[in-house]
Amino acid sequence: MDDKRSRFEAQVLPHLDAAYRLARWLSRAPGDADDIVQEAFLRAFRSFDTLRSPDARAWVLAIVRNCHLSALQHGRRRAAEPLDEEHETDAGAGDVPAAADPEAASIERDERRALARLIGALPGEHREVLVLRELEDMSYREIAAVTAVPIGTVMSRLARARAALRAKWHEESEGDGRAVR
Amino acid sequence: MQCAEHLRVQALFDGELDAVSAAAVERHVGHCADCRTLLEELERMRGRIRRDLEYGEAPRELRSALARALDAEAAAEERRRSPPVVWRGRPFWLGTLTGAGAALAAGVAVVLLAPLFFAPLPEELIAAHLRSLEPGRLTQVISTDRHTVKPWFAGRADVSPVVADFAPQGFALVGGRTDSLGQQRAAVLVYAHGAHVINVFAFLPGRGEPPAQASRRGYHIACWRGGDLDYCAVSDAGWEELGTLRELIADLGARDAR
Ligand SMILES: [Zn+2]
């Protein structure tokens with residue numbers, strides 16, 4: 001393996017899972033996420049020599065985001081559609097631990113799906129800050145680097161995203177009393 | 001009415017405050033019920049999100065497909081670097097650059113500017129220009145016919161630029177290729193003007209304002225906005241020649257748009 005390839009392996013590939021999660025939340029469809037990630041990592045490899053930042057994770061996530069946006073622009077994907085039930089089940093909550101009581105398990109599954117659906121229904125710029133902050137545990141500075149906006153904008157977007165999610169959440173809980181708690 | 005301290009409370013929650021500010025915000029939360037509620041809700045929401053939404057890992061098939069694609073890409077780059085192939089028997093640019101690429105690479109200051117991750121645009125353009133002058137790297141599609149070159153870009157580059165041959169005006173279309181520019185796959189049109197190669201890069205705006213005119217190491221860069229794309233022509237040809245080509249392409253773009 002040549003030098004560039006092995007440096008890339010060591011510095012960038014450890015962030016593949018994070019890239020995949022982001023792509024999945026941005027595109028909201030597993031098949032699209034595969035394409036986005038593959039394209040993003042190829043691009044990252046091609047421009048790896050121009051990387052000036054020590055933060056390879058923020059760098060490659062920024063490329064993932066860019067690939068997602070340019071694919072959207074080109075209309076190659078259907079990502080703007082709302083989630084359907086199948087995607088939710090598949091993309092939403094991961095494995096629900098088995099519960100002794102099948103009814104409790106089903107309630108739990110519903111709750112998880114509801115949360116995935118609420119977040120999936122947020123606008124893209126809200127979704128991305130939430131995912132980067134809550135799932136990837138990134139700092140404001142890192143999120144600013146990934147999303148190419150000032151830190152102040154990250155703060156206000158995050159606040160709006162959380163407020164929107166909270167509002168929907170309360171709406172739903174009032175709706176049937178248990179969808180999200 | 002929501003408390004004006006919400007953003008600072010959020011920053012406290014996210015661990016973004018220094019010790020002094022954190023203490024101040026905590027004191028505020030101590031006697032502000034609104035902010036206390038906010039803090040509790042943030043905590044509850046994070047708990048739910050982290051419990052329920054972990055997407056886990058990239059699928060194994062993706063991982064192995066990617067490894068194969070990277071191997072292929074690395075091998076292709078290796079091949080492009082190695083054998084000195086004389087291109088179409090007209091190496092009119094050879095001799096201008098041996099060692100220049102290395103000198104440039106060594107000389108590029110490692111600075112962090114507005115676009116956080118990449119070298120400044122002019123440096124990147126010059127580096128791409130020099131790379132293109134290495135044997136066998138100038139074109140990926142060789143044609144003077146815009147009906148061949150334009151469709152070639154589809155699916156390969158991120159953009160679809162104006163393509164035309166201006167041989168009668170002295171700028172012969174040689175072909176095209178794609179180059180990495182920042183995170184993009186830029187479309188590159190290659191023109192020959194006398195003994196000069198002119199690379200015209202077309203890419204999506206977003207790298208800041210490209211320079212209308214810039215010079216680096218004896219090469220000239222002329223940039224303009226055409227439609228929703230940025231174009232940058234790079235060459236050792238003179239300003240006047242670059243200006244003429246810019247007008248030809250920009251006029252054509254304006255006509256196409258009508
Ligand atoms: Zn308050």
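Here are the numbers for the structure shown:
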quantity	calculated
B:Glu61 being assigned to a helix (DSSP H, G or I), of a type in the set (Asp, Glu) and within 7 Å of chain A (Cβ to nearest Cβ)	no
Qualifying positions in segment A:146-160 - crowded, with 22+ Cβ neighbours inside 10 Å and facing another protein chain (nearest Cβ under 9 Å)	A:Leu158
Residue that is nearest to the other protein chains (Cβ to nearest Cβ) [pool: residues in segment B:26-48 that are within 9 Å of the ligand (Cβ to nearest atom) and in a helix (DSSP H, G or I)]	B:Leu38
B:Ala186 small (Gly, Ala, Ser) and in contact with a helix residue (DSSP H, G or I) (Cβ under 7 Å, 6 or more places away or on another chain)	no
Every residue from segment A:31-70 that is assigned to a loop (DSSP other than H, G, I, E, B) and at the interface with another protein chain (Cβ under 7 Å from one of its Cβ atoms)	A:Ser47, A:Leu51, A:Arg52, A:Ser53
Test: residue in segment B:5-18 that is free of Cβ contacts under 8 Å to residues at least 24 places away in the same chain, within 13 Å of the ligand (Cβ to nearest atom) and touching a Cys at 6+ places or on another chain (Cβ under 7 Å)	no
Count of segment B:150-180 residues which are of a type in the set (S, T, N, Q) and not in a strand (DSSP E or B)	2
Unmet criterion (only one of (1) assigned to a strand (DSSP E or B); (2) within 14 Å of chain A (Cβ to nearest Cβ); (3) surrounded by fewer than 19 Cβ atoms within 10 Å (Cβ to Cβ)) for B:Arg225	(2)
Boolean, B:Asp71 is away from the ligand (no atom under 16 Å from the Cβ) and away from chain A (no Cβ under 11 Å)	no
In segment A:120-134, the residues that are over 14 Å from A:Arg65 (Cβ atoms) and touching a Gly at 6+ places or on another chain (Cβ under 9 Å)	A:Gly120
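Read the figures in this text as sums done on the coordinates, not as results from a lab. This one's a predicted model, so the numbers in the text were calculated from it and none came from an experiment. Cβ: placed from backbone, ideal geometry, glycine included. Neighbour counts: every protein chain shown.
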